[in-house]
Each structure stands twice: as structure tokens, then as C-alpha cells.
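The values are calculated or read from the model by the stated rules, or taken from the named source; none is laboratory data. Computed from a predicted structure; not experimentally measured. Positions of Cβ are backbone-derived with ideal geometry, glycine not excepted, and every protein chain shown enters the neighbour counts.
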Amino acid sequence: MPHTVKITNRNRTIDALKARYCRSFLCQLRGLTFRRQIARDEGLLLVQRHDSRLEASIHMLFCFTDLAIIWLDSSSKVVDKVLAKTWRPAYFPARPAKYILEIQPERLGDFKIGDQIEFENA
């Protein structure tokens, strides 16, 4: 069962954000598919084994809402971000990533490439 982590951005002040820490294959496969909305203060943090462009790719099939996707490397630094549109087959980060943060689209501006992010148990 995934636990929840509090997300903070060391480079800028952002509103509270809590994400389910999702490491298992099944949790990641399900992701936020079939969700019609996501609350402003919630998200999903997908965790890969290592930094990779391929393993950090996502799909938006069966997603009924757009998502802000923030890719972080193993040092928790933002390496890419995108507004992912519904029903798109794939998105890949520009640089290898270990963490994929899926949040409400309006939160995309809370993160900039190069920002240092922290996770702590919520």
C-alpha cells in the first residue's frame, strides 16, 4: 500500500502538496487513469529504480483530465516538466529521471527546471 509524502520546493514557496508514493508496478500502471479530477493539493509520485528516460515515460491513455508532469532525477532535482494532455500515447522526459510527479495542471508553474525538491513522510 502506497504511503503519502509531503512535497516541498527548496527554491520557491508553494502551496501544500501531498502525493501518494507509488513504487510498485501495479500502482504505477494504474497511476491516475480513469480519474476525472485531481485536487489542487494532491498528486502521485511514481518512483523508478534508477534515472532513465525510457522508464520515466508516461502515457495518458484512459486519463480523463490533463496533468502537470514534473520529472526529477535521483538527487530530486527537476529535470523536465510538461502539461500532459488526455489520451496521448506517451511523454518522455528530456533528461533521465527517477521520479515522476503527477499533479493538477494549474500547479505546473510551481516548479522550474533545476529546482531542488524534498519529500518527507506526511
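Screening residue 118 on (1) closer than 20 Å to residue 12 by Cα; (2) surrounded by 14 or more Cβ atoms within 10 Å (Cβ to Cβ) shows it passes everything except condition (2). Have a look at 85, 81, 112 and point out the one that is touching a residue at least 24 places away in the same chain (Cβ under 8 Å), more than 22 Å from residue 8 (Cβ to Cβ) and of a type outside the set (S, T, N, Q). From the options 85, 81, 112, the qualifying one is 85.
Put simply, of 26, 45 the only residue that is outside any loop (DSSP other than H, G, I, E, B) and modelled with pLDDT under 90 is 26.
Yes/no matrix, rows are residues, columns are (1) out of contact with any helix residue (DSSP H, G or I) (no Cβ under 8 Å at 6 or more places or on another chain); (2) part of a strand (DSSP E or B); (3) among the aromatic types (Phe, Trp, Tyr):
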site	(1), (2), (3)
64	yes, no, yes
68	no, yes, no
74	yes, no, no
78	yes, yes, no
81	no, yes, no
87	yes, no, yes
93	yes, no, no
98	yes, yes, no
106	yes, no, no
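For the stretch 81-105, the set of residues classified as touching a Lys or Arg at 6+ places or on another chain (Cβ under 7 Å) and either buried (at least 20 other Cβ atoms within 10 Å of the Cβ) or under 20 Å from residue 39 (Cβ atoms) (or both) consists of 93, 104, listed by residue number.
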